[in-house]
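Student: Structure incoming, see below.
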Amino acid sequence: MSNPRVATDLRDDARSSAPSTPVDRAVEAFIAEHYDRLLRLAWLICRNGPDAADAVQRGLEQAWRKRATLRDEARLRPWVDRVVVREAIRMGRRPWLRRVLSLDSQVGWLEPAGGMDPGLREWSTLRAAFGRLPADQRAVIALHLHAGYSVAETASIVDAPVETVRTRIRRAKDRLRSELGEAQS
Amino acid sequence: MSDHRVVPASMPNDAFEARVARYLDWEAAQLGGARTGDEIAASIATRPIERRWGRNPMLVWAAVVMALIVVVAAAIAMAGRGPNQLVTAPSNDPSVALSAPPLTDAPPTATPDPNCSPLEGEIPYLANVGTLPVSVPVPATSSGQWLGARDHFFLGRGSCDPASGPSPFFDGALVAHIYADSCHWKSSEIEVPTAFDAAEELAKQTGHPKATSVETHLGPFRATRLDIAIPATASIATCDDGQLRLWGDKQLVPGVPVQIYVAEIDGTTLIITANYIETETTPADLEEIDAIIASVRIEI
């Protein structure tokens with residue numbers, strides 16, 4: 001699923017009247033290719049759609065403004081991820097910045113009268129527990145277990161020491177296990 | 001549904017991690033369920049300007065006003081210089097001209113708030129709460145820069161602006177009215193002629209868990225302390241203007257506990273509050289808050 005309209009919108013934002021350069025086209029292609037991935041990553045951290053969309057928008061706006069210095073995707077991708085994730089963490093941890101508190105992302109689903117499928121019940125509990133983690137713990141879990149970054153790469157993205165990231169991951173896992181009623185590691 | 005993973009290098013270390021990873025993949029995929037990516041893109045493209053610029057329309061206007069002040073100040077400053085001073089000498093260093101901007105995610109250079117000063121050295125922070133001059137020594141901390149507002153009492157670590165999330169921060173007010181219901185505050189304002197009345201009504205205030213009163217001191221003055229906190233997950237959307245208010249425009253924010261110190265100073269009711277983001281506050285931070293409250297001085 002791609003979103004070339006976002007790239008077009010960002011180009012309009014930059015008030016760029018110059019002809020499209022190869023770098024412009026590369027960044028536009030990156031945005032079109034990665035928009036959904038970034039939105040999902042931000043959403044796992046923010047836990048509400050409008051904040052996630054804002055975080056991604058800000059990350060991509062910065063990428064567009066600095067496109068001249070971002071010549072290859074190998075640099076562009078972790079850089080944009082870093083901006084988006086940090087913005088998402090910032091929104092997730094600052095109550096003043098939140099206009100919408102999405103309760104459905106922090107609670108489980110209502111159990112139907114006929115009972116809930118055990119697998120669904122576990123995910124319902126996991127969903128509620130994950131939503132209650134601090135934003136920085138959600139971020140490292142999302143980056144490491146969803147986006148597939150290594151611990152060292154995750155540490156670089158959230159600008160924290162590797163040991164701090166390991167601790168956050170361990171605490172998050174312990175808390176999730178605890179809420180699922182499982183023995184901690 | 002496309003694969004959202006970026007770097008396949010990291011594999012789950014155990015079965016539990018694998019379960020969490022499966023859940024996260026599923027959860028992330030739900031985002032596209034009700035709204036397609038194109039719909040989301042369209043919503044961003046048509047988002048109102050205040051939504052794209054920031055969280056609060058008031059902040060947008062504040063930023064516009066601040067930008068105008070900076071432009072006027074810069075124009076005044078440049079008008080006071082000679083023409084030669086406006087010309088920048090060309091650099092002989094070729095790297096200056098050729099180097100690209102640093103690859104950094106630092107935000108654009110922040111406009112300094114002329115009403116907000118960093119606190120350093122031995123000079124205590126001094127500002128008025130209403131007509132009362134209140135001072136506190138500069139917090140001795142290595143955990144962050146403290147800043148103080150000049151035109152009113154506001155001391156915060158990291159910022160003078162509560163909207164940008166300083167934690168902890170202190171503010172104060174001379175209070176003559178309290179809301180009996182912090183949720184439906186528009187229709188519940190009551191008069192509190194004395195500090196005793198203010199503390200008693202705050203203890204009875206509804207809209208949040210009841211606060212317990214404790215007799216203590218605010219600097220050298222006797223005071224009543226009340227601690228109020230509501231969970232970060234609490235919904236206050238149905239409250240007046242979507243806000244919980246304690247008195248005046250003082251808000252109670254979910255996830256931000258507030259310590260309230262009520263004291264009678266020279267016949268008026270002074271309230272100083274200490275506020276902090278619960279998930280970011282360490283025991284050392286709480287000790288520092290206590291130390292700051294104990295060091296408050298009020299000039300009467």
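The values are calculated or read from the model by the stated rules, or taken from the named source; none is laboratory data. Only a predicted model underlies this, so the values are computations on that prediction, with no experimental measurement involved. Cβ sites come from the backbone with ideal geometry, for glycine too, and all protein chains shown count toward neighbours. In case anyone asks, the SASA skips ligands and DNA or RNA and just uses the protein heavy atoms, side chains included. Shrake-Rupley method; radii C 1.70, N 1.55, O 1.52, S 1.80 Å.
Student: At 1.4 Å probe size, with the rest of the protein present, what percent of the exposed accessible area of the stretch B:126-227 is carbon and sulfur atoms? Walk me through the intermediate numbers first.
Tutor: Working: 2520 of 4680 Å².
Carbon and sulfur: 54 percent of the exposed surface of the stretch B:126-227.
Student: Quote the accessible area belonging to A:Arg40 in square angstrom, nearest 10, computed with a 1.4 Å probe and with ligands, DNA and RNA left uncounted.
Tutor: 10 Å²
Student: Need one number: buried accessible surface between chains A and B, 1.4 Å probe, both sides summed, DNA, RNA and ligands left out, in Å² to 100.
Tutor: Numbers: alone 10680 and 19080 Å², together 23960 Å².
Answer for the A-B pair: about 5800 Å² buried.
Student: Take B:His217, B:His152, B:His208 and sort them by solvent-accessible surface of the protein heavy atoms, 1.4 Å probe, largest at the top.
Tutor: On the way: B:His217 100, B:His152 80, B:His208 20 Å².
I get B:His217, B:His152, B:His208, largest accessible area first.
Student: May I ask you to compute the full-extension gain from B:Val70 to B:Asp290, defined as 0.36 nm times their residue separation minus their alpha-carbon distance, rounded to one decimal in nm?
Tutor: Fully extending the segment from B:Val70 to B:Asp290 adds 75.5 nm.
Student: Additional query: With all protein chains present, calculate the accessible area of B:Cys239 using a 1.4 Å probe and round the result to the nearest 10 Å².
Tutor: Here the residue's solvent-accessible area equals roughly 10 Å².
Student: Continuing with this model, one more query. Can you give me the convex hull volume of the Cα atoms of the stretch B:187-251, divided per residue and expressed in Å³? Kindly include the intermediate steps, with their values, before the conclusion.
Tutor: Details: hull volume 6.8 nm³, N = 65.
So the per-residue Cα hull volume is 105 Å³.
Student: Now a separate question. Separation between the A:Glu163 and B:Thr281 pseudo-spin-labels, each 7 Å from Cα along Cα→Cβ, expressed in nm?
Tutor: Here the answer is 2.8 nm between the modelled labels.
Student: Using protein chains only and a probe of 1.4 angstrom, how many square angstrom of B:Leu24 are accessible, to the nearest 10?
Tutor: Rounded to the nearest 10, the figure is 0 Å².
Student: Which shape class applies to the stretch B:129-275: rounded if a/c is under 1.5, otherwise prolate when a/b exceeds b/c and oblate if not, where a ≥ b ≥ c are the square roots of the Cα gyration tensor eigenvalues? If you can, show how the numbers build up before the last one.
Tutor: Numbers: a/c = 1.71, a/b = 1.15, b/c = 1.49.
Oblate, because a/c is 1.5 or more while a/b does not exceed b/c.
Student: FRET efficiency for A:Arg170 and B:Thr194, Cβ-Cβ distance as r, R0 = 41 Å, nearest 0.05?
Tutor: Details: r = 52 Å, r/R0 = 1.27.
My answer for the efficiency is 0.20.
Student: Then there's this: Please identify the trypsin sites (Lys or Arg not before Pro) of the stretch B:180-240 that satisfy two criteria: DSSP loop assignment and at most 14 other Cβ atoms within 10 Å. Which are they? Mind showing how you got there, number by number?
Tutor: Values: sites: B:Lys186, B:Lys204, B:Lys210, B:Arg222, B:Arg225; in loops: B:Lys210.
For trypsin sites (Lys or Arg not before Pro) across the stretch B:180-240 that sit outside H, G, I, E and B with at most 14 neighbouring Cβ atoms in 10 Å, the list reads B:Lys210.
Student: Quick one: which bits of the stretch A:23-47 get at least 20 Å² less accessible when the partner protein chains are in, versus the chain alone, with a 1.4 Å probe?
Tutor: By number: A:Tyr35, A:Arg37, A:Leu39, A:Arg40, A:Trp43, A:Leu44.
Student: Ok, one more. Taking every alpha carbon pair in the stretch B:219-300, what does the distance histogram look like in 5 angstrom bins from 0, in percent?
Tutor: 3, 12, 22, 21, 18, 12, 8, 3, 0
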